[in-house]
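Novice: Pasting a structure here, questions to come.
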Amino acid sequence: MKKAGLNVEIFSGGGTGTYNIMQDVPGFTDLQVGSYLFMDMQYLAIGGENGDVYNDFAPSLTVLTTVLNNRFPDRLTTDAAPRR
């Protein structure tokens, strides 16, 4: 980037899933995290630096869903509510 004449005063990137390893990237100055606020189950399943589960942040919301009816093919009637 420097050879191309680009301003490298701020070298930004990464994200929630890489926040704890980006300090190893030479010249890196800014981390773009954000989804840690909502931390969904997919993040938890990707695995973290210290194990098979990404447990650096807890999920912020759980949705409890109950299937009320499955009478029609390929359709479900549900009742869902957030739980905190």
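Novice: For the chain, what is the charge dipole size about the Cα centre, in debye to the nearest 20, if Lys and Arg each add +1 at the Cβ and Asp and Glu each add -1 at the Cβ?
Specialist: Once rounded to the nearest 20, the dipole reads 300 debye.
Novice: If you wrap the chain's Cα atoms in a convex hull and average its projection over all directions, what's the area in nm²? It would help to have the intermediate numbers written out before the result.
Specialist: Details: hull surface 37.4 nm².
One quarter of the hull surface, i.e. the mean projection, equals 9.3 nm².
Novice: Then there is this: Given a 1.4 angstrom probe, I'd like the percentage of the accessible area of the chain that is carbon and sulfur, rounded to a whole number.
Specialist: Ligands and nucleic acids excluded, carbon and sulfur give 53 percent.
Novice: Can you give the calculated 222 nm mean residue ellipticity of the chain, where each DSSP H run of n ≥ 4 adds -39,500 (n - 2.57) and the sum is split over every residue, rounded to the nearest 500 deg cm²/dmol?
Specialist: Working: 1 runs with 5 residues, N = 84.
Theoretical 222 nm ellipticity from helices: -1000 deg cm²/dmol.
Novice: Quick one: which of 29-35, 63-69 comes out on top by average Cβ neighbours within 10 Å, and what's the full order, highest first?
Specialist: Final packing ranking: 29-35, 63-69.
The values are calculated or read from the model by the stated rules, or taken from the named source; none is laboratory data. As the structure is a computational prediction, the values presented were derived from the model and not from experiment. All Cβ positions, glycine included, derive from the backbone under ideal geometry; neighbour counts span all protein chains shown. Side chains included, ligands, DNA and RNA excluded: accessible areas come from the protein's heavy atoms. Shrake-Rupley method; radii C 1.70, N 1.55, O 1.52, S 1.80 Å.
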